[in-house]
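These notes concern the structure reproduced below.
The values are calculated or read from the model by the stated rules, or taken from the named source; none is laboratory data. This structure is a prediction, so every number in the text was calculated from the model and none was measured. Methodologically, a virtual Cβ is constructed for each residue, glycine included, from the backbone with ideal geometry; neighbour enumeration extends over all protein chains shown. Accessible surface is based on the protein model in full, side chains and every heavy atom, while ligands, DNA and RNA are left aside. Shrake-Rupley method; radii C 1.70, N 1.55, O 1.52, S 1.80 Å.
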Amino acid sequence: MMEKCRATRRLFSHSFKSLFNHRSVSDHSTLRSASVFTHHFSDNGQRCIPLFQLQKSDLLARASFSRDYKQTFWPPLGRGLGGMMCALQFRSFGSAGTKIQRNPSFATLNSDDVTYFKGVLGEKNVVQDEDRLEFVNADWMHKYKGSSRLLLLPTTTDQVSQILKYCNSRHLAVVPQGGNTGLVGGSVPVFDEVIISMSSMNNIVDFDKVSGMLVCEAGCILENLISFLDNQGFIMPLDLGAKGSCQIGGNVSTNAGGLRLIRHGSLHGNVLGLEAVLANGNVLDMLGTLRKDNTGYDLKHLFIGSEGSLGIVTKVSILTPPKLSSVNIAFIACKDYLSCQRLLLEAKRKLGEILSAFEFWDSEAMDLVLNHLEGVRNPLPPSVHNFYVLIETTSSDESYDKEKLEAFLLRSMESGLISDGVLAQDINQASSFWRIREGIPEALMRAGPIYKYDLSLPVENMYNLVEEMRVRLAQKAKVVGYGHLGDGNLHLNISAPQYDDMILAQVEPYVYEWTSKHRGSISAEHGLGLMKANEIFYSKSHETVQVMASIKKLLDPNGILNPYKVLPHSLSTH
Ligand code: FAD
Ligand code: MLT
Ligand code: ZN
């Protein structure tokens, strides 16, 4: 009993520290510039409430805020990370990158080709400038680098069709590129493939306020769609840290998951139609906007997640949910992984339909963010917490939402699942909590070379892999675990002082074997790209991969679309 009283006193004193700490977080100017939010939420100077200080009266007084609080923290490519790019060494990474040979059946670009493309696209949309090419030849992590000598910027579907028809007839290989934020080396050439960027196809075609159906071109930047919809009182069913640069066509082509999949499901459910151009230039108009359409094979699904290997997505129709008025965010510390797991189960049971995000990260990830990102502070007191969880709820009924969340948090505190925590009181605080979670990939990049794995695993033993990797690597590298716990998606990252074949040998194929043994997937949401094309058999049977190769052969007989990616090289080279 005495022990319990002492513990409670300690928790209350933490709470006061939390309060103090958090004030400095919300005061930080870099996190306050959310001018886009000001008309939705006025900063009334309220402080965030530590969970352990939550009493009924506090809970009732706490304001809810609209869900449109997020900022783009991830700097669009070409700006924020430009300096970093110069400082880092490029290096072909992993076993896949080093072994492949250029497919000799592909032609080499000549001046007649360039003249043809200029005729179709106009001079300015055919780029040969070396600086611009250097940029589009390299991926976000600076691991993969091609040597393309041509970047094409089509502005219409018809132009995409003409380009592909020509490339197919000439056997010129191409790589479709969206925002180039992909993490598996899929968006950049391996050799001299022509880069077809979708950036100039960025128009919103139609938005139906009754159905919430958005039809847009593939090159629309996700964040621009989010802002557009926000003004209409809707939201995108997809959100991710790269939103400031990634494009909806890239999202669809990777079947991106992101931060709200737990609530809205995958793009296979939300994309109702698309338009794609095949390798031979044929345009497949599947741009339906119907919820229900059972007329034969639903071919659009082939293009969702096929990473530009079957066609170029030019337009998308996507079902968008209405924006709800009440959003709450709790930033929580847990003592161990088991508590995170049990908290997830409880959240699913007790929060049910209002749960809109459940993200987790470990103390290694937290340290990286605090050490490498400017202006980021831990809203909790500086005690040792092994795990952090961000829970977001979204609903249309403020009091209902609050009541449910408060009851859940109080119960979880009492049962010891939560060690400490704070609730965001306004948009700035909410943004600063999200900044910590969304900043992890950027912090890892700043820390140095990364071996990045994106795994689907049963939640109950997911974190064992992180711990096993720590033992395997001893002190040679930092092992970091975070991800979309609510979706059973672990991001295992190994942050090393330099790319090192000895480290790689400790990591691969161990990680893939471990994942396969636990009936997981070696790609939860990032795709296979170049990095994991040869590893597909860890997650798919030979028969399945054979059917995939047949589909590829049918739609792209010359194999010009994003060669060396997705399918194993033994099956995809002609
Ligand atoms: P690119 O990187 O340009 O391309 C990705 C692949 O799609 C390539 O194979 C490319 O050839 C193909 N492609 C692109 N556009 C088209 C098109 N129009 N038609 C056909 N093929 C095309 N991913 C997640 O799933 N969840 C996350 O939470 C997440 N967070 C991220 C956070 C950060 C900071 C970063 C850098 C990346 C993150 N990613 C995440 C990975 C990445 O942002 C996604 O894979 C995103 O969907 C890629 O979109 P993009 O427009 O940048 O595509
Ligand atoms: C994330 O969830 O932050 C992204 O998928 C990026 C990453 O895995 O690093
Ligand atoms: Zn992710």
| Residue among I427, I436 that alone is of a type in the set (V, I, T) and either over 19 Å from G486 (Cα atoms) or surrounded by fewer than 24 Cβ atoms within 10 Å (Cβ to Cβ) (or both) | I427
| remark: Within the range 263-318, restricting to residues that are in contact with a His (Cβ under 9 Å, 6 or more places away or on another chain) and among the hydrophobic types (A, V, I, L, M, F, W, C), the one that is surrounded by the fewest Cβ atoms within 10 Å (Cβ to Cβ) is I304
| query | From L368, L409, which residue is within 16 Å of ligand 2 (Cβ to nearest atom) and assigned to a helix (DSSP H, G or I)? | reply | L368
| note | Restricting the range 332-344 to residues that are in a strand (DSSP E or B) and touching a helix residue (DSSP H, G or I) at 6+ places or on another chain (Cβ under 9 Å), the one surrounded by the most Cβ atoms within 10 Å (Cβ to Cβ) turns out to be I332
| request: Being open to solvent by 20 Å² or more (accessible area, probe 1.4 Å) and polar (S, T, N, Q) is the filter; apply it to the range 162-186 and report the residue that is nearest to V566 (Cα to Cα). | output: T181
| query | Quick one: I312 ticks every box in (1) out of contact with any Ser or Thr (no Cβ under 6 Å at 6 or more places or on another chain); (2) without any contact (Cβ under 8 Å) to a residue 60 or more places away in the chain bar one, so which box is it? | reply | (2)
| Out of all the residues in the range 316-331, which are in contact with a helix residue (DSSP H, G or I) (Cβ under 7 Å, 6 or more places away or on another chain) and either assigned to a helix (DSSP H, G or I) or of a type outside the set (G, A, S) (or both)? | V316, I318, L319, T320, P321, K323, N328, I329, F331
| If you check I221, I204, I235, which single one turns out to be in contact (Cβ under 8 Å) with a residue 12 or more places away in the chain and surrounded by fewer than 21 Cβ atoms within 10 Å (Cβ to Cβ)? | I204
| remark: Within the range 492-545, of all residues that are open to solvent by 10 Å² or more (accessible area, probe 1.4 Å) and assigned to a strand (DSSP E or B), the one farthest from K143 (Cα to Cα) is S521
| Matching residues, the range 401-424, being touching a residue at least 60 places away in the same chain (Cβ under 8 Å) and surrounded by fewer than 14 Cβ atoms within 10 Å (Cβ to Cβ) | R411, G416
| query | How many residues are under 16 Å from W361 (Cα atoms) and away from ligand 1 (no atom under 16 Å from the Cβ) when one looks only at the range 470-508? | reply | 4
| message | Consider the range 227-245. How many of its residues are within 14 Å of ligand 2 (Cβ to nearest atom) and of a type outside the set (S, T, Y)? | response | 7
